[in-house]
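Inspection log for the structure reproduced underneath, given as structure tokens.
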Amino acid sequence: MATAAEQWVLVEMVQALYEAPAYHLILEGILILWIIRLLFSKTYKLQERSDLTVKEKEELIEEWQPEPLVPPISKDHPALNYNIVSGPPSHSIVVNGKECVNFASFNFLGLLGNPRVKAAALASLKKYGVGTCGPRGFYGTFDVHLDLEDRLAKFMKTEEAIIYSYGFATIASAIPAYSKRGDIVFVDRAACFAIQKGLQASRSNIKLFEHNDMADLERLLKEQEIEDQKNPRKARVTRRFIVVEGLYMNTGTICPLPELVQLKYKYKARIFLEESLSFGVLGEHGRGVTEHFGINIDDIDLISANMENALASIGGFCCGRSFVIDHQRLSGQGYCFSASLPPLLAAAAIEALNIMEENPGIFAVLKEKCKRIHKALQGISGLRVVGEALSPAFHLQLEASTGSREQDAQLLQEIVRQCLERSIALTQARYLEREEKCLPPPSIRVAVTVEQTEEELEKAASTIKEVAQAVLG
């Protein structure tokens with residue numbers, strides 16, 4: 001019986017061999033030959049290495065040079081030679097012991113030293129103490145936080161708002177809360193570093209379009225539409241975002257929001273609008289670029305801004321529809337894992353909003369002063385003004401580069417230094433050069449506030465012209 005069973009198994013094996021596909025037989029044959037080769041191939045022993053003597057080991061250790069932890073940095077680097085401010089960086093600022101007119105800080109509405117704002121912060125300090133020592137979800141939510149969120153939502157005319165304790169982290173946390181791996185983000189090349197970090201954290205597919213070039217953006221959107229038609233199943237689960245700034249930090253230019261809204265609906269994308277520079281600046285009531293263009297705020301899916309410029313506080317906020325904002329309370333990293341905003345700064349921001357609402361004429365004053373200095377700085381030999389006439393923060397760049405970024409920066413820094421000696425405080429725009437996606441050229445950044453008088457604006461313009469002429473020839 002056993003012999004018959006063995007013969008039957010052998011017959012089945014032969015039959016299976018005949019029925020097997022040719023590629024299967026070839027693969028098995030190759031594997032069998034490889035096994036035979038391994039079995040009969042010669043083996044080689046590694047050459048035994050004699051142990052090093054103690055002296056030889058010490059010599060090798062002395063010769064070894066570890067890789068540097070960070071790249072070498074010159075001691076003359078501007079970031080290591082900062083100016084020291086004594087007192088509040090308001091209209092008049094003391095830099096390195098010298099009193100100057102401040103054209104460097106983003107205190108656009110002059111609220112930093114406002115007595116009402118300081119009184120509100122002091123009262124909150126006495127009631128709540130200095131900080132919170134906990135994130136919003138862990139006993140870090142104070143009643144003043146909820147009051148500020150409610151005030152911001154009403155001011156911006158949106159359903160809801162959420163506040164962050166750090167301005168940079170606001171948009172950097174908001175973007176990855178919604179855009180994930182596989183999603184597509186169309187972003188302006190001039191986007192600020194906070195947006196870049198948010199995009200990096202999202203791990204989304206990033207598509208850059210030329211600065212404020214709507215034709216280039218539409219080209220990318222059309223290309224993506226054609227690509228989606230090839231794989232409609234994937235397209236149904238892929239989200240598309242357009243990320244722009246209302247008023248660009250790196251260029252001082254305003255985004256063409258009406259055209260962006262048209263493209264949003266035409267190509268079914270979502271718009272994220274970063275308004276850190278335009279909030280409290282543009283629009284009749286300071287509501288930003290949406291009010292400036294008369295755009296319905298519901299056409300924008302998410303608005304973010306920091307409270308560190310016009311509101312003269314700290315932190316940032318996002319506002320929009322309730323279901324959009326509530327998602328950040330679960331997914332916004334800067335919201336979930338950072339200690340909440342100190343109550344005294346929330347109280348200061350609320351009082352700043354009160355002042356903005358009570359004095360809407362302040363925005364027209366700021367606009368006129370921006371136009372005045374923008375016009376006065378035209379025609380400087382060797383420098384060109386970069387930015388809108390309505391922007392309270394714009395740039396002065398070299399008309400012709402020396403060909404070396406380092407030399408360009410040195411020339412501009414010399415202009416800043418000499419202006420400081422003449423009691424005009426300016427600053428160079430700073431960038432993390434190794435990490436910027438599209439590194440802007442070196443520039444001097446000029447900041448305008450409502451506190452600066454006409455005489456001071458004229459003095460600043462004439463001083464910059466004289467110094468530029470002396471430095472650039």
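The values are calculated or read from the model by the stated rules, or taken from the named source; none is laboratory data. All values reported here derive from a predicted model rather than from experimental measurement. Neighbour counts run over all protein chains shown; Cβ positions are idealised from the backbone, glycine included. Side chains are part of the model used for accessible areas, which takes the heavy atoms of the whole protein and leaves out ligands, DNA and RNA. Shrake-Rupley method; radii C 1.70, N 1.55, O 1.52, S 1.80 Å.
Our analysis of segment 223-323 gives Rg over Rh at 1.05, with the two radii drawn from alpha carbon positions and Rh computed by the Kirkwood formula. Using only the alpha-carbon atoms, how far is helix 22-40 inclined from the longest principal axis of the chain? Give it as 0 to 90 degrees, nearest 10. The helix 22-40 is inclined about 80 degrees to the chain. Here the label points at residue 22 and residue 36, each 7 Å from Cα along the C-beta direction, are separated by 2.2 nm in the simple model. Helix 322-331 and the long axis of the chain differ in direction by around 60°, with both axes built from C-alpha atoms.
When the accessible area of the chain is split by element with a 1.4 Å probe, what percent falls to carbon and sulfur? Heavy-atom surface of the chain belonging to carbon and sulfur, 1.4 Å probe: 56 percent. Taking all protein chains together and rolling a 1.4 Å probe, residue 345 ends up with roughly 40 Å² accessible.
Length gained on full extension, residue 323 to residue 98, computed as 0.36 nm times the residue gap minus the Cα-Cα distance: 75.9 nm.
Site pair residue 299 and residue 85 shows an inter-label distance of 3.7 nm when each label is modelled 7 Å from Cα along Cα→Cβ.
The angle between the Cα long axis of helix 193-202 and the main principal axis of the chain comes to about 30°, on a 0 to 90 degree scale. Taking all Cα pairs closer than 8 Å and separated by 6 or more residues, the relative contact order of the chain comes to 19 percent. Applying 1/(1 + (r/R0)^6) with R0 = 41 Å to the Cβ-Cβ distance of residue 438 and residue 62 gives a FRET efficiency near 0.35. Annotation note: GluC sites (Glu not before Pro) in segment 395-473 located in DSSP loop regions with a Cβ neighbour count of at most 12 within 10 Å are 399, 433, 435.
Computed on the Cα trace of segment 130-225, the radius of gyration divided by the Kirkwood hydrodynamic radius gives Rg/Rh = 1.09. Note that segment 103-175 carries a Kirkwood radius of 14.5 Å, evaluated over its alpha carbons pair by pair.
Counted over the chain, the DSSP beta bridges are approximately 60% antiparallel. In terms of accessible area, using a 1.4 Å probe and ignoring ligands and nucleic acids, 471, 446 rank largest first as 471, 446. Model label points for residue 125 and residue 400, set 7 angstrom from Cα along the Cα-to-Cβ axis, are 5.3 nm apart. Secondary-structure-derived ellipticity at 222 nm for the chain, considering helices only, amounts to -14500 deg cm²/dmol, per-run term -39500 (n - 2.57) for DSSP H runs with n ≥ 4.
Once the chain from residue 417 to residue 230 is taken as fully extended at 0.36 nm per residue, the excess over their C-alpha distance is 61.5 nm. Compactness of the chain was expressed as the Cα radius of gyration divided by 2.2 N^0.38 Å, which yields 1.37. Once C-alpha pairs closer than 8 Å and six or more residues apart are averaged by separation and normalised to the residue number of segment 246-319, the relative contact order reads 26 percent.
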